[in-house]
1. Could you work out how much longer the chain between A39 and E148 gets when fully extended? Use 0.36 nm per residue separation minus the Cα distance between them, nm to one decimal.
2. Under 26 Å from the Cα of K141, which lysines turn up, not counting those fewer than eight places away in the same chain?
3. Calculate how many DSSP beta bridges within region 79-144 are antiparallel, expressed in % of all such bridges and rounded to the nearest 5.
4. For K141 and R113, FRET efficiency with R0 = 41 Å and r from the beta-carbon atoms, rounded to 0.05?
5. Take every DSSP beta bridge with both residues inside region 24-142 and express the antiparallel ones as a percent of the total, to the nearest 5.
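Read-outs: derived from the displayed coordinates by stated rules, not from any lab. Values in this document were obtained by computation on a predicted structure and should not be read as measured data. Cβ placement follows ideal geometry from the backbone for every residue including glycine, while neighbour counts extend to all protein chains displayed.
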Amino acid sequence: MRIKITFILIISLIINKLAFAEQPANTNTVAILTQQLQAQKGNVVYVDFWSSWCVPCRKSFPWMNELQDKYQKQGLTILSINLDHDRNLANKFLEQNPAAFPIIYDPKGRIARKYKLKGMPSSFIIDRAGNVVSAHVGFNKQKSLAYEQEIIQLLNRPATTQSP
């Protein structure tokens with residue numbers, strides 16, 4: 001078990017170094033997310049918005065790592081959007097709360113505006129056809145159980161029966 005956790009931490013550091021590769025200030029983060037979502041068509045996608053100051057986000061990261069590990073083979077992908085203006089704050093957060101999933105750094109909040117966030121953390125569940133089927137604000141144990149049930153239901157549906 002300890003080896004598995006160590007492996008996950010190493011992989012997450014590599015993924016996050018790649019995801020946080022220097023982006024020019026004028027990077028179109030909405031286009032980056034759109035490309036990521038296009039590439040994930042056929043999978044159920046959990047899109048999570050977070051920031052270093054968000055206390056519930058600290059609890060959501062271990063849960064998302066667990067979900068990724070548990071359901072990835074069934075077609076779950078987790079994508080994460082960081083909204084910190086200062087990348088150092090995001091990096092410090094990730095040192096304490098490693099992520100085993102890709103992170104898009106969106107300091108200007110372009111993606112947040114597109115998705116009309118109402119609070120932090122916010123998440124969206126996207127079906128295999130690429131449709132947003134639910135949006136959530138907040139994170140706690142009770143909510144995480146409900147989110148996971150939604151994900152399981154979508155994973156159990158064949159791609160052809162997804163909403164239009």
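1. Using 0.36 nm per residue and subtracting the Cα-Cα distance, I get 37.0 nm.
2. K4, K59, K70, K73, K92, K116, K118
3. Numbers: 5 of 8 bridges.
In region 79-144, approximately 60 percent of DSSP beta bridges are antiparallel ones.
4. Values: r = 30 Å, r/R0 = 0.73.
Efficiency at R0 = 41 Å is approximately 0.85.
5. If I count the DSSP bridges inside region 24-142, around 50 percent turn out antiparallel.
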